[in-house]
Amino acid sequence: MHTARRTHGFTESVIRGMTRLARVHNAINLAQGFPDFPAHEAVKEAAVAAIRADVNQYAVTWGAPRLRAAVAAKMLAFYGMAVDPETEVTVTCGATEAMAAVMLALVDPRDEVVVFEPWYENYGPDAILSGATPVHVPLSATEPLDLDRLARAFGPRTRAIILNSPNNPTGKVFSRAELQGIAELCQRHNAYVFTDEIYEHILYTGEHIPMATLPGMAERTITISGASKTFAITGWRIGTIIAPAPLTAAIRKVHDFLTVGAPAPLQEAVATAMETLPRSYYTDMAEAYRRRRDLLCGALSRAGFRLTPPQGAYYVLADYGAFSQVDDTTFATQLILEAGVATVPYSSFTTEPQPPPIVRFAFCKTESLLAEAGERLQAWGAKR
């Protein structure tokens, strides 16, 4: 049967596939990045109150006015970044829809989009669906960004670069010097930066610097974020886009015909979270994730994996070469069957024909679950 050629260039999400396999075999799911602990009570109660107040119909297509105002106020408070909520903020069904809407609105067929590799698995398909060609540039979790190599990836067809910091899956937090180097290339080549800042408040080293705050970059940066990771509500699907007004107008047209709008009562609840939760909420959350990171990384090291603790986000890449030389998908499947722990193979994040022996673990789980996963992995490792 006929299927559109645009779907032939990518596969179904490997992450979701590993989650399904984990369910079948009752494994601990450290593959998919969703928290297994409750959201803040104030956030949940705000959603309940909005539903009871009959906020159940379509919100304004590009986002409830209160939430857009809250996003603008937050950007000013945290980063000194002035944003017009009426003309520069769009609310989407998660950051995933946000990136797709941005690509479809601003990238033409045969344009090139620079993508750091390894990458979050949605970026490549987003580029393909928009008719663009992804240009991959290797990214190290531990070494400074190779700006010379990055410069060679830019050319006359470069429309944009995707920047994810803190980065999934490497955990890298880009430094100011690295961001300035990227900014200079974008200005030289008249390219946009599509930033994925969904992990902006989950970092352990350095600071989060929005690209749009650098000199000359506000007019060419499209800032994507959302509530999923910050407030532990990945199922609510509330994402945000901040862009210059002329670009926002194009993005909103695409967003309208993709999804019409994000869930109205949940938008009100996220606005409440942004308006009322104190700064300590964000610092306490990051510290709690630091404890989870250290717990899992310690267990993985004791089990025999090689790794470098991430600087941000809530994933860790672990080298399993000491155990096996099978391909990463085979190893990830074996780990589910033999150790009862689910991961994601590194090949889900790269175009390398022979990926290194690496899998990705997510530690956005309760400490008790991470401790149990660590015990399973150490017991499994002792038998190898």
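Once phi is turned into θ = phi - 60°, what whole-Hz ³J(HN,Hα) does the Karplus curve with 6.51, -1.76 and 1.60 give for every residue of region 356-369, x standing for Gly and Pro?
x, x, 9, 10, 10, 9, 9, 10, 8, 10, 4, 4, 5, 5
Under 13 Å Cα to Cα from LYS74, which aspartates and glutamates show up? Leave out anything in the same chain fewer than 8 places away.
Once the sequence-local aspartates and glutamates are set aside, what remains near LYS74 is ASP84, GLU200, GLU275.
For LEU296, what is the net charge nearby, where nearby means another residue's Cβ is under 13 Å from its Cβ and Lys, Arg count +1, Asp, Glu -1? Before the final figure, lay out each step's value.
Working: positive: ARG290, ARG291, ARG292, ARG293, ARG302, ARG360, LYS365, ARG376; negative: ASP294, GLU367, GLU372, GLU375.
Taking every Cβ under 13 Å from that of LEU296, the sum is +4.
If all Cα-Cα distances of region 147-187 are sorted into 10 Å bins from 0 onward, what percent lands in each bin, rounded to whole numbers?
Going from the shortest bin to the longest, the percentages are 25, 55, 20, 0.
Using 1/(1 + (r/R0)^6) with R0 = 22 angstrom and r between the beta carbons of ASP284 and ARG176, what's the FRET efficiency to the nearest 0.05?
Values: r = 26 Å, r/R0 = 1.16.
Working from the Cβ atoms, E equals 0.30.
Quick check on region 42-276: what are the equivalent-ellipsoid semi-axes from the Cα gyration tensor, as sqrt(5λ), descending, whole Å?
Values: eigenvalues 175, 73, 48 Å².
In descending order, the three semi-axes are 30, 19, 16 Å.
Given 0.36 nm per residue, what is the gain on full extension from ARG20 to ARG188 after removing their alpha carbon distance, in nm? Don't jump to the answer; show the numbers that get you there.
Working: separation 168, 0.36 × 168 = 60.48 nm, distance 4.51 nm.
This chain segment gains 56.0 nm when fully extended.
Can you give me the relative contact order of the chain as a percent, contacts being Cα pairs under 8 Å and 6 or more apart? Numbers along the way, then the final one.
On the way: 764 pairs, mean separation 94.0, N = 384.
Answer for the chain is 24 percent.
So what J values fall out for region 314-319 if you push phi through Karplus, 6.51 cos²θ - 1.76 cosθ + 1.60 with θ = phi - 60°, rounded to Hz, Gly and Pro as x?
For region 314-319, the Karplus-derived couplings read 10, 9, 9, 8, 10, 8 Hz, x marking Gly and Pro.
Would you please give the residues with an amide H less than 5 Å from that of ALA59, counting only those at least 5 places away or on a separate chain, with H modeled from the backbone geometry?
ALA264
For TYR192, enumerate residues with amide H under 5 Å from its amide H, sequence gap 5+ or separate chain, H modeled in the peptide plane.
Correct list: ALA160, ILE161.
What's the center-to-center distance, using Cα atoms, between region 57-132 and region 203-217 in Å?
Taking the Cα centre of each part, region 57-132 and region 203-217 sit 17 Å apart.
Once both labels are modelled 7 Å past Cα along the beta-carbon direction, what's the GLU86-PHE257 spacing in nm?
Rounded to a tenth, the inter-label distance reads 2.7 nm.
Where in region 158-186 does the label zone of GLU207 land, with the point 7 angstrom along Cα→C-beta and an amide N cut-off under 15 Å?
The answer is 174-180.
If you average the alpha carbon positions of region 1-50 and of region 318-333, how far apart do those two centres end up, in angstrom?
23 Å
Applying a 10 Å radius around every beta-carbon, put 92-104, 177-189, 311-323, 47-59 in order of their mean neighbour count, most first.
92-104, 311-323, 177-189, 47-59
Tally Lys/Arg at +1 and Asp/Glu at -1 over every other residue whose Cβ is under 10 Å from the Cβ of MET99; what's the total?
Working: positive: none; negative: GLU97, ASP126, ASP196.
Overall, the nearby charge balance is -3.
Between TYR79 and ALA382, what is the label-to-label distance in nm when each label sits 7 Å out along the Cα-to-Cβ direction?
4.7 nm
Pop a pseudo-label 7 angstrom from the Cα along the beta-carbon direction at both THR142 and ARG110 and give the gap in nm to one decimal.
Inter-label distance under the simple model: 4.4 nm.
Tell me, how many Å apart are the Cα centres for region 244-288 and for region 345-384?
So the two Cα centres are separated by 31 Å.
For a protection proxy built on the mean count of beta-carbon atoms within 10 angstrom, sort 1-7, 40-46 highest first, please. Each step should come with its number before you reach the end.
Numbers: 1-7: 7.3, 40-46: 15.7.
Per-residue mean Cβ counts within 10 Å order the peptides as 40-46, 1-7.
Give me the net charge for the shell around VAL173: Cβ to Cβ below 12 angstrom, other residues only, Lys and Arg +1, Asp and Glu -1. Working shown, then result.
Working: positive: LYS172, ARG176; negative: GLU178, GLU197, GLU200, GLU207.
Within the 12 Å Cβ shell, the charges total -2.
Each value in this text was obtained by applying a stated rule to the coordinates, not by laboratory testing. Since this is a predicted model, take the numbers as computed values, not measurements. As a convention, Cβ positions derive from the backbone with ideal geometry for all residues, glycine included, and neighbour counts pool all protein chains shown.
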